[in-house]
Amino acid sequence: NPELYKWLCIDKIQVCCPKDTFGPKCSDCPIGRDKVCSGHGKCKGEGTRDGEGTCSCDKGYQGVLCEECTQDHYEEYNNETHLSCKECNESCDECHGPGANECKKCKENYVLHEGSCTECDSLCNGCDGVGPEHCLKCKPEAEMVEGVCIECATACNGCTGPGPENCKECKKGFERNTDSTCEDVDECKTTCRLQHEVCTNTVGSYHCNCEEGYQKNSRDDCVMKQKDGSLSEGTDLEHQEL
């Protein structure tokens, strides 16, 4: 009941304010373009005796009265009574329209190419053109070789070219063979030797599991499962080489 609300909450116990007002004296919320916060935000404390009465703008809007677009939005239209802000293309940091060719400024890891902001090569951390030869820096999994970012093999810590034969160093879990190529170490030759353990070798790593019908106990031994199910289901122990 609006009249009951006004009499009780606003006039009697004085904890509420009428719509579009705030604070101890129920002051008017800020008005822009004939609307509270220009129709693109909320008045802090509206309807209560608390709050600052300042505008909390919706996404894409900013300013004291929410009358401006944020950097990553553009003005779809703007007149005396209404402003509409729309989000820029994902490649733009600033823009004047919706397309990748309407950016004022490209986002990080994008570059202006043939009039549009284009994403840098997947191996680049920043670029000045399209392709791995235009990287400013390489991502951690790549190495700059003669001005081009090359993706290193999984086995490599740094490389001078593609493939495990061009590793600067081998990662843990790998070692050089007689051909100087980094290859996976078969840890199962030297580990998982406890009774009823089974070893599974993986690339750069390995798993120790129990034989079928066995599971790990609190001491990490593989023990036979009880028919009454008194032991919890066993878990795999992965020894990850970093």
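The values are calculated or read from the model by the stated rules, or taken from the named source; none is laboratory data. Since the structure is predicted, the reported quantities are computational estimates derived from the model, not experimental observations. All Cβ positions, even for glycine, are placed from backbone atoms using ideal geometry, and neighbour counts span all protein chains on display. Each accessible area value is taken on the protein alone, full model and side chains, heavy atoms only, with ligands, DNA and RNA left out. Shrake-Rupley method; radii C 1.70, N 1.55, O 1.52, S 1.80 Å.
Tabulated results
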| quantity | calculated |
| --- | --- |
| Condition met for Glu3 (outside any helix (DSSP H, G or I) and either open to solvent by 100 Å² or more (accessible area, probe 1.4 Å) or farther than 30 Å from Glu102 by Cβ (or both)) | no |
| Qualifying positions in segment 175-210 - of a type in the set (Ser, Thr, Tyr) and in a strand (DSSP E or B) | Thr200, Thr202, Ser205, Tyr206 |
| Scan of segment 128-141 for residues that are open to solvent by less than 100 Å² (accessible area, probe 1.4 Å) and more than 21 Å from the chain's Cα centre (by Cα), ordered by number | Gly129, Val130, Gly131, Pro132, Glu133, His134, Cys135 |
| The listed residue being of a type outside the set (D, E, K, R) and within 28 Å of His73 (Cβ to Cβ), out of Gly126, Gly131 | Gly126 |
| Condition check for Lys172: within 27 Å of Cys156 (Cβ to Cβ), within 36 Å of the chain's Cα centre (by Cα) and in a strand (DSSP E or B) | no |
| Qualifying residue in segment 147-164 (condition: more than 30 Å from the chain's Cα centre (by Cα) and among the acidic types (Asp, Glu)) | no |
| Any hit, segment 211-228, residues being outside any loop (DSSP other than H, G, I, E, B), in contact with a strand residue (DSSP E or B) (Cβ under 7 Å, 6 or more places away or on another chain) and within 30 Å of Gly163 (Cα to Cα) | no |
| Checking Thr178 against (1) open to solvent by 30 Å² or more (accessible area, probe 1.4 Å); (2) over 38 Å from the mean Cα position of the chain (by Cα); (3) farther than 30 Å from Thr160 by Cα, the condition it does not meet | (3) |
| Meets criteria (outside any helix (DSSP H, G or I) and either over 30 Å from Pro164 (Cα atoms) or of a type in the set (A, V, I, L, M) (or both)) for Asn89 | yes |
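Residue-wise test of (1) farther than 30 Å from Asn78 by Cβ; (2) of a type in the set (Gly, Ala, Ser); (3) open to solvent by 70 Å² or more (accessible area, probe 1.4 Å).
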| position | (1), (2), (3) |
| --- | --- |
| Cys9 | yes, no, no |
| Thr21 | no, no, no |
| Gly45 | no, yes, no |
| Ser56 | no, yes, no |
